[in-house]
Amino acid sequence: MKRIATSVFLIVSTGEILSLITGIELLHTICKPLIIASLIFYYLTAVSKEDRSRTLLVALFFSGAGDILLMLHDTDGSFFMMGLIAFLVSHVFYIFTYRQHQHDESENGLQGVQKVRLAFPIILTGTGLVYVLYPVLGNLKIPVMVYALVLVVMTLNALLRLGKTTSPSFWMVFVGALLFMASDSLLAINKFLTPLPNGHVWIMVTYISAQYLIVKGLIAHK
């Protein structure tokens, strides 16, 4: 079943990317909602029932809801705010999930100056993007700033797993969190600042990769 679930995820993800390249709306309508649904299916087949994380499943559920709401945004702009809230909730539950999927021992984890040095580029990237976008956000200034803060905190929590889990688990989750930041940054620039060449394609490539690596990395935690 795990191989079937992986194949379904790859097929619907590829279909979504192709829909953005070719402009086939029907393919987009079918494939995009199935990306997270198939990733949930993959997780359920890869992890035994007693080891499944409810917080991860909630995070994925709200990510899937966010995908659908942003699809509806094309016909009704009010759905963008709802999608933003759904993904914000998703990030909050990812934070809880990261903390569950790490060991409590602190001697191998990041210490003092190490935390500051490694966290600084992430914080700088998040605040820098908000600073650039702030003048063009209009009445979305506060919601976007709150979302950016939670996104940065989610990524920092992925970073703080260093030394508290297996190396594959840390790197997959951390790279996934960075790709999530990249995807959301591209989306924000493309929507509020300036259209990017093949912007929607790159947004989805980074987003799909992010979700897969995070789930795969959490499964790899021992």
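The values are calculated or read from the model by the stated rules, or taken from the named source; none is laboratory data. These figures come from a predicted structure and were not determined experimentally. FYI the Cβ positions are ideal-geometry reconstructions off the backbone, even for glycines, and counts take in every protein chain you see.
Key figures for this structure:
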| read-out | value |
| --- | --- |
| Qualifying residue in the range 39-50 (condition: at pLDDT 95 or above, more than 13 Å from residue 201 (Cβ to Cβ) and of a type in the set (Lys, Arg)) | no |
| Unmet criterion (only one of (1) more than 19 Å from residue 60 (Cβ to Cβ); (2) of a type in the set (S, T, N, Q); (3) in contact (Cβ under 8 Å) with a residue 24 or more places away in the chain) for residue 111 | (3) |
| Some residue of the range 74-89 being in a helix (DSSP H, G or I), closer than 30 Å to residue 222 by Cβ and in contact with a Ser or Thr (Cβ under 6 Å, 6 or more places away or on another chain) | no |
| Residue, surrounded by the most Cβ atoms within 10 Å (Cβ to Cβ), within the range 141-166, restricted to residues that are over 13 Å from residue 123 (Cα atoms) and of a type outside the set (A, V, I, L, M, F, W, C) | 161 |
| Residues that are of a type in the set (A, V, I, L, M) and crowded, with 17+ Cβ neighbours inside 10 Å, drawn from the range 48-62 | 56, 58, 59, 60 |
| The range 82-122 - residue that is β-branched (Val, Ile, Thr) and out of contact with any helix residue (DSSP H, G or I) (no Cβ under 6 Å at 6 or more places or on another chain) and, of those, farthest from residue 147 (Cα to Cα) | 113 |
| Among (1) within 11 Å of the chain's Cα centre (by Cα); (2) surrounded by fewer than 22 Cβ atoms within 10 Å (Cβ to Cβ) - the single one residue 200 does not satisfy | (1) |
| So residue 128, is it out of contact with any helix residue (DSSP H, G or I) (no Cβ under 8 Å at 6 or more places or on another chain), over 22 Å from residue 80 (Cβ atoms), surrounded by fewer than 21 Cβ atoms within 10 Å (Cβ to Cβ) and of a type in the set (Gly, Ala, Ser) | yes |
| Selected residue (criterion: modelled with the highest pLDDT) from residues of the range 61-79 that are touching a helix residue (DSSP H, G or I) at 6+ places or on another chain (Cβ under 7 Å) and of a type in the set (Phe, Trp, Tyr) | 62 |
| Residues of the range 93-113 that turn out to be under 24 Å from the mean Cα position of the chain (by Cα) and either farther than 15 Å from residue 155 by Cβ or modelled with pLDDT of 80 or more (or both), as a count | 12 |
| The range 1-21 residues that are surrounded by fewer than 14 Cβ atoms within 10 Å (Cβ to Cβ), paired with ones that are hydroxyl-bearing (Ser, Thr, Tyr) (beta carbon under 8 Å, 6 or more apart) | 1/45; 2/42; 2/45; 4/45 |
| Filtered residues of the range 2-44 (kept if more than 21 Å from the chain's Cα centre (by Cα) and at negative phi) | 2, 3, 4, 21, 22, 24, 25, 26, 27 |
